[in-house]
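Following: one structure in structure tokens, then a few remarks.
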Amino acid sequence: MAMAPTVKVVLGTIAFAIFWVLAVFPAVPFMPIGRTAGSLLGAMLMVIFQVITPDQAFAAIDLPILGLLFGTMVVSAYLERADIFKYLGKLLSWRSKGAKDLLCRICLISAVSSALFTNDTSCVVLTEFVLKIARQQNLPPHPFLLALASSANIGSSATPIGNPQNLVIAVQSKISFGTFLCGVLPAMLLGVVINALILLVMYWKLLSDKKDEEDPSVEVVGDGDVSSHRFSPATMSHIQSLNSQDLNSTLDSMGIRSPANVNGHDSALRNRGSLPENGIIHSSPNVNVHIDNTDKLRTQGSLAENEIDKVLNTGVESLRNSDASKETTYSGPILSKRGPSSSGVEFENFGSFTDEKLGFSKKWQRVFWKSCVYLVTLGMLVSLLLGLNMSWTAITAALALIVLDFKDARPCLEKVSYSLLIFFCGMFITVDGFNKTGIPSTLWEFMEPYSKIDSIEGTAILAVVIVVLSNVASNVPTVLLLGARVAASAAAISPASEKKAWLILAWVSTVAGNMSLLGSAANLIVCEQARRAQHCGYNLTFWKHLKFGFPSTIVVTAIGLILVRG
């Protein structure tokens, strides 16, 4: 393609430069408007500067890519509601055998989930799990955060739905889902292993150092949840229960003193677990809270207990009515008296204040809905493997989940990143305008003779160009700028070489994101999520990432190139 007139070249370059600065540095001081607004500004300038016409701008927007991106985001939102990521988080801590085992699990789970649910989604939902588990085991967070981000990028390279640049490549190249998967999967699997080994080598000493004895109050809850709480022989952690303040206020309004204040035994009985101040009633099976065996306490305790029974019965009825109207259930312990003796009060877990049949029904209704979500997602993946249109398959799966949910879809639709879709629209227009200046074509004509993929040297030079551009201009614009040109050059060799060129572009542009913190949106997501975590925040710095990212990117990219097949 010949160079455009000088005025268009200059104005088009200015518009693209503004887009690039705002895309890479969204909070730049002189114009902190963000990436999405920056892409729209670049697109508008391309039209105002008459680099492209309005009709050409609208034609530049790739609707199949936007449809595929929208569909996968909706499906991911419903999968999150169906607790798929919660189960993945539990796998991280289930029977963990130490720091190195945990790091390898993070690499594997991050890679697999990213290939199926996109790298950005996996990083958003798994970052806090990783932080909590690292804190609970008294481990430094940054090796695990690096494992999460880097493995998410590598894993996402295996499928067309793993990341945005693969979506672009799959749509433009018309490579089927199965062909894409078979071509990149071997490189991805070995890349995840090599990446984990590099992490282990770099942080072996840090992960092997004997840590201070773990705080006994920090434990993984029995069902694998990553929340923590102190256990003691007479307590159970985090049980939902009646609020003691509400109970005391009810007793006061009736002129009744609670048994915790009988004969000045307030603190003693609180320590025994009768009515704690924090509103949580702690209980343990077969543990009774006994009132001192004196005639006076027995008499007063019996009277007070009878009054409490009345109040609790009233509270139970009100909770039943409230639960029936709100369609919620109460699953905690309540106070109960066992047998004829009135000298002891024990805690029993009755499961639910609502009708057992209703609770059972709702439980299985939830299980059935989750199963439908997983089956629809599995059907979408099978359809993609069979070669059906990827955009319409993803949209169909999204609409099927909306219908099966049988309720207002607004909450799930609001989780779709519409700002990302708008960013893509602006980027399509901006990159198309920059292509029409002739600058990318001229640069490629200079590099093409040295970047033939039919030789080792040519493949290496092409990989270097893609890595540099992906870290300078970001990976999606790099794919939009180079994709058609690289494919055309390879097509002159053979049809198989054309497919291989597209897959090399997908592999290298994705793994290149691991080089620096700014190289991939997934890296930035992990960094920001970790920094903003409420109770276990951590700041992953640019240099800590670069120290690991640079060697990992070079080694993983080089080894993966050997295994990529057309």
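The values are calculated or read from the model by the stated rules, or taken from the named source; none is laboratory data. Quick caveat, the model's predicted, so the values are computed rather than measured. Reconstructed Cβ throughout: ideal geometry from the backbone, glycine too, with neighbour counts over all protein chains shown. Ligands, DNA and RNA are excluded from the accessible area calculation, which covers all protein heavy atoms including side chains. Shrake-Rupley method; radii C 1.70, N 1.55, O 1.52, S 1.80 Å.
Observations, loosely collected:
- Filtered by the rule that a residue be open to solvent by less than 50 Å² (accessible area, probe 1.4 Å), part of a helix (DSSP H, G or I) and among the small types (Gly, Ala, Ser), the range 536-566 gives 549, 552, 560.
- Condition met for residue 533 (more than 18 Å from residue 118 (Cα to Cα), of a type in the set (Gly, Ala, Ser), open to solvent by 40 Å² or more (accessible area, probe 1.4 Å) and in contact (Cβ under 8 Å) with a residue 40 or more places away in the chain): no
- Which numbered condition residue 2 fails, given (1) open to solvent by 50 Å² or more (accessible area, probe 1.4 Å); (2) free of Cβ contacts under 8 Å to residues at least 12 places away in the same chain: (2)
- Test result for residue 147, assigned to a helix (DSSP H, G or I), aliphatic (A, V, I, L, M), crowded, with 20+ Cβ neighbours inside 10 Å and touching a Cys at 6+ places or on another chain (Cβ under 7 Å): yes
- Matching residues in the range 375-384 - criterion: being surrounded by 14 or more Cβ atoms within 10 Å (Cβ to Cβ) and under 21 Å from the mean Cα position of the chain (by Cα): 376, 377, 380, 381
- Near pairs, Cβ below 7 angstrom, 6+ apart or cross-chain, from the range 514-528 (closer than 13 Å to residue 122 by Cβ) to any residue that is β-branched (Val, Ile, Thr) and open to solvent by less than 10 Å² (accessible area, probe 1.4 Å): 526/127
- Number of positions in the range 162-183 that are within 19 Å of the chain's Cα centre (by Cα) and among the aromatic types (Phe, Trp, Tyr): 0
Residues are listed down the side, and each one gets a yes or a no for (1) at pLDDT 90 or above; (2) under 26 Å from residue 391 (Cα atoms):
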site: 139; (1), (2): no, no
site: 150; (1), (2): yes, no
site: 159; (1), (2): yes, yes
site: 166; (1), (2): yes, yes
site: 186; (1), (2): yes, yes
site: 192; (1), (2): yes, no
site: 197; (1), (2): yes, no
site: 202; (1), (2): yes, no
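- Residues of the range 77-87 satisfying the condition of being open to solvent by 10 Å² or more (accessible area, probe 1.4 Å), assigned to a helix (DSSP H, G or I) and touching a residue at least 40 places away in the same chain (Cβ under 8 Å): 80, 81, 84
- Count of the range 57-74 residues which are farther than 15 Å from residue 170 by Cβ and modelled with pLDDT under 90: 1
- All of (1) surrounded by fewer than 22 Cβ atoms within 10 Å (Cβ to Cβ); (2) part of a helix (DSSP H, G or I); (3) out of contact with any Gly (no Cβ under 7 Å at 6 or more places or on another chain) hold for residue 90 with one exception: (3).
- Pair list, Cβ under 7 Å, 6 or more apart: the range 25-50 residue in contact (Cβ under 8 Å) with a residue 24 or more places away in the chain, other residue surrounded by fewer than 16 Cβ atoms within 10 Å (Cβ to Cβ) and polar (S, T, N, Q): 36/419
- Within the range 490-530, the set of residues being over 17 Å from residue 168 (Cα atoms), open to solvent by 10 Å² or more (accessible area, probe 1.4 Å) and either touching a helix residue (DSSP H, G or I) at 6+ places or on another chain (Cβ under 6 Å) or outside any helix (DSSP H, G or I) (or both) comprises 491, 492, 493, 494, 497, 515, 516, 517, 518, 525, 529.
- Being over 24 Å from residue 36 (Cβ atoms), open to solvent by 40 Å² or more (accessible area, probe 1.4 Å) and in a loop (DSSP other than H, G, I, E, B) is a property that does not hold for residue 485.
- Only residues that are in contact with a Leu (Cβ under 7 Å, 6 or more places away or on another chain) and closer than 15 Å to residue 509 by Cα were counted in the range 184-196, giving 2.
- Residues that are part of a helix (DSSP H, G or I) and β-branched (Val, Ile, Thr) were ranked within the range 174-201; the one that is least open to solvent (accessible area, probe 1.4 Å) is 184.
- Against the test of being closer than 14 Å to residue 428 by Cβ and hydrophobic (A, V, I, L, M, F, W, C), the options 92, 40, 102, 88 yield a single qualifying residue, 40.
- Residues in the range 1-53 that are part of a loop (DSSP other than H, G, I, E, B) and more than 35 Å from the chain's Cα centre (by Cα): 1, 2, 3, 4, 5, 49, 50, 51, 52, 53.
- Residues in the range 413-428 that are surrounded by 16 or more Cβ atoms within 10 Å (Cβ to Cβ), in a helix (DSSP H, G or I) and hydrophobic (A, V, I, L, M, F, W, C): 420, 421, 422, 423, 424, 425, 427, 428.
- Taking the criterion of being among the β-branched types (Val, Ile, Thr) and surrounded by fewer than 19 Cβ atoms within 10 Å (Cβ to Cβ), the only residue of the range 55-74 that qualifies is 61.
- Single residue of the range 385-412 satisfying the filter (more than 28 Å from residue 479 (Cβ to Cβ) and part of a loop (DSSP other than H, G, I, E, B)) that is most open to solvent (accessible area, probe 1.4 Å): 406
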